[in-house]
Amino acid sequence: MKPFLVHSLIVVFALLNTPSFAAVVFTAPAGVNQDDVGVTHNTGLSIENFLNMTPKAFEEHSGKKMSWAKKLAFKIVQKKVKKKAAKGEIDLAAPYTPGKMSLLSLIFGSLGMITIFLPVVGFFLSVGFSVAGLVLGIVAIKREGSNVMNILGIVFSATTLVVILLIYILILLIFASLF
C-alpha cells in the first residue's frame, strides 16, 4: 500500500508542477520601438473586411506567410462567417464582444483553481466554482459558439475537478491505510 501511496503523491505533485502554456502579452520597454522587437499591432480588421479579403491580402495585412493548410482554413472560416451573416446571426457592423457566460466561465474556472489552495473552506469553494465554471462554459459553447474564454473556463474547471478528485482519493487511501 505504501508504494501506491508514494506513487500517487508523485503523480499529484507532478501534475501540479507542470509548466503552463498560457499566452504571454509582451510590451516593449520604454524608448524601444515595437517594430524593432517583432510585436505586431492590432490594426482593427473588421468582419466585413475579413470576408472580402483574399489569403494573399491577409498575408500582406498580418505580415506572415500562410501555409497551404492555413489558407484552406482561412477560406473555410470565411464561408462559415458568411453563412452566419446571411442568416442574421452575426452583425457585420458590430465589433466582436465575447458573451457574459464565456467571461463568467473563465472567472469561475480561475477562481476554482485559485481557491483549491485555501485550507478546508477552499476545497468546498473550489468544487462550487469549478462546477459553475464547467456548466457555464458548456452552456456558453452552445449559445455563443466556441471561443477562447469559454474553452479556457472549461479546461480550468475540469482540471480543478480532476485535481480535487485525485486529492479526495489520496485522502481516502491515507485514512484507509491508518485503520
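The values are calculated or read from the model by the stated rules, or taken from the named source; none is laboratory data. All values reported here derive from a predicted model rather than from experimental measurement. All Cβ positions, even for glycine, are placed from backbone atoms using ideal geometry, and neighbour counts span all protein chains on display.
The table below lists the values:
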{"quantity": "Residue match in region 88-109 (condition: under 15 Å from the mean Cα position of the chain (by Cα), of a type in the set (Ser, Thr, Tyr) and within 23 Å of Ile169 (Cβ to Cβ))", "calculated": "no"}
{"quantity": "Filter result (modelled with pLDDT of 85 or more, surrounded by fewer than 11 Cβ atoms within 10 Å (Cβ to Cβ) and of a type in the set (A, V, I, L, M, F, W, C)) within region 52-100", "calculated": "Trp68, Ala69, Ile76"}
{"quantity": "Conditions (1) exposed (fewer than 13 other Cβ atoms within 10 Å of the Cβ); (2) modelled with pLDDT of 85 or more: number failed by Met113", "calculated": "(1)"}
{"quantity": "Residue in region 125-135 that is surrounded by fewer than 21 Cβ atoms within 10 Å (Cβ to Cβ), out of contact with any Lys or Arg (no Cβ under 8 Å at 6 or more places or on another chain) and not in a helix (DSSP H, G or I) present", "calculated": "no"}
{"quantity": "Qualifying residue in region 134-141 (condition: in contact with a Ser or Thr (Cβ under 8 Å, 6 or more places away or on another chain), farther than 30 Å from Glu48 by Cβ and without any contact (Cβ under 8 Å) to a residue 40 or more places away in the chain)", "calculated": "yes"}
{"quantity": "Subset of region 136-176 that is aromatic (Phe, Trp, Tyr) and more than 19 Å from the chain's Cα centre (by Cα) - its residue that is surrounded by the fewest Cβ atoms within 10 Å (Cβ to Cβ)", "calculated": "Phe175"}
